[in-house]
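A.B. asks: I'd like to ask some things about the structure below.
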Amino acid sequence: MTEPRAETVFRSTLPDIPISDHLPLHDYVLECLADRRDRACLIDSATGEKLTLGDVDCLSRRMAAGMRASLGVRPGGTVMPLLPNSIEFAVAFLACSRLGAATTMANPLHTPAETTKQAAASGATVEPASVGKLRGLSSRVSIISLPPATAPRGYGMTEAGVLSMCMAFAKEPSPAKSGACGTVVRNAELKIIDPETGLSLRRNQPGEICIRGKQIMKGYLNNPEATAKSIDAEGWLHTGDIGYVDDNDEIVIVDRLKELIKDKGFQVAPAELEAMLIAHPGIADAAIVPMKDDSCGKIPVAFVVTSDGPEITEDAIKQYVAKQVVYYRRLHKIIFVDTIPKAPSGKILRKDLRAKLVACS
């Protein structure tokens, strides 16, 4: 009888960092302030604005008090700060933690409809304490040349605690290797599995990347079915990315298992755009596939089957979608076809459409 093969799991070469199981987030982040209050904590690279650890502690306390008194935020509530990635967002996040409230992170670039949908789904019952304001770009903008520098790369996803692999934090020294995105960070485990069998793979064998650790999300809000599909019984988060671990413990991403389109790091879900298109009275069927773009990486392209009735143009479809979605979800090209190729199960044959897209280019 053959013994089962041992599972291959990759970890950081550095020791794990002790993490408290009982302290709330704000206490854990700010617990060692006694002799560090003047140390820089957050720096805005665009403006040079800096907050020390003492500043963050004080501001988050004041904001928490204001949210409790003025907005009625209580433990167990949900707050949706409509802010960009900024030092103010970090303060707001810690303020919510002090109140025992959950935070749902909204993108200020979203349309009113998208923001309303997220607020309803998350259960947010108070308005944001502050709204991020976009500043117009100056007309006197110039491009400067920077001296040669090494920019560390990283890899992660929101569900995995944002950062899962990073050269700068996970490996010393951290040379930049073309095509790699770093090694596993501390306090995390990673394995590569065969998507068909679920068995773990050894080095240099491409498969789906799975991550496990305390930083992994608990699950999708009010969606146990989606949670079960993403996190297995052993706590492994299935990322949907295809990659491998090389001989230097570095992760190389080679493909996407899921259908999500990545536009400059933003996720574009084909199913959402397809549902939107099919809701148009002039469209009978639709499918979204990615098209390579030198600037964005990949952009969404729509194959559309029109319904009987008044003729609909490519520009009309683009405008119809643009009014409902954030800019990176807008359609860049429309290709009219007679039918959308599908398997007997009804699944869209995106491979056939990608081939057709290449032929049309």
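The values are calculated or read from the model by the stated rules, or taken from the named source; none is laboratory data. What you see is a predicted model, and the numbers here were worked out from it, not measured in a lab. Glycine also receives a Cβ, built like all others from the backbone with ideal geometry; neighbour counts cover every protein chain displayed.
A.B. asks: Note down all Cβ pairs under 7 Å where the first residue falls in segment 20-36 and is free of Cβ contacts under 8 Å to residues at least 60 places away in the same chain and on the phi < 0 side of the Ramachandran plot, the second is assigned to a loop (DSSP other than H, G, I, E, B) and of a type in the set (Asp, Glu), and they're at least six residues apart or on different chains.
C.D. replies: So the pair list comes out as Leu23/Glu31.
A.B. asks: Moving on to the next point. Does Lys214 count as among the charged types (D, E, K, R), at pLDDT below 90, more than 20 Å from the chain's Cα centre (by Cα) and more than 30 Å from Tyr320 (Cα to Cα)?
C.D. replies: Values: among the charged types (D, E, K, R): yes; at pLDDT below 90: yes; more than 20 Å from the chain's Cα centre (by Cα): no; more than 30 Å from Tyr320 (Cα to Cα): yes.
So Lys214 fails the test.
A.B. asks: For His238, all conditions in the list (1) assigned to a loop (DSSP other than H, G, I, E, B); (2) within 18 Å of Val184 (Cβ to Cβ) hold save one; what is the number of the exception?
C.D. replies: (1)
A.B. asks: Sticking with this structure for a sec: Condition first: under 17 Å from Leu277 (Cβ atoms) and acidic (Asp, Glu). Now tell me which residues in segment 319-361 satisfy that.
C.D. replies: Within segment 319-361, Asp338 is the sole residue that qualifies.
A.B. asks: Let me ask something else about it. Restricting segment 7-39 to residues that are in contact with a helix residue (DSSP H, G or I) (Cβ under 9 Å, 6 or more places away or on another chain) and either charged (D, E, K, R) or at pLDDT 90 or above (or both), which is nearest to Ala101 (Cα to Cα)?
C.D. replies: Filtering first and then ranking leaves Asp27.
A.B. asks: Right, something else. Counting only residues that are at pLDDT 95 or above, give me the strands (runs of 3 or more DSSP E) lying completely in segment 260-307 with at least 1 of them. I'd like the intermediate steps shown before the answer.
C.D. replies: Working: elements: 261-263, 266-268, 283-293, 297-306.
The qualifying strands (runs of 3 or more DSSP E) are 283-293, 297-306.
A.B. asks: Just need a number here: residues in segment 78-121 that are closer than 15 Å to Leu42 by Cα and not in a helix (DSSP H, G or I).
C.D. replies: Residues flagged as closer than 15 Å to Leu42 by Cα and not in a helix (DSSP H, G or I) within segment 78-121 amount to 3.
A.B. asks: Okay, next question. When the residues of segment 237-286 are narrowed to those that are in contact with a helix residue (DSSP H, G or I) (Cβ under 7 Å, 6 or more places away or on another chain) and of a type in the set (D, E, K, R), which ends up surrounded by the most Cβ atoms within 10 Å (Cβ to Cβ)?
C.D. replies: Checking each candidate, the answer is Asp263.
A.B. asks: Against the conditions (1) at pLDDT 80 or above; (2) crowded, with 21+ Cβ neighbours inside 10 Å, where does Cys181 fall short? Just the number, please.
C.D. replies: Of everything listed in (1) at pLDDT 80 or above; (2) crowded, with 21+ Cβ neighbours inside 10 Å, Cys181 misses just condition (2).
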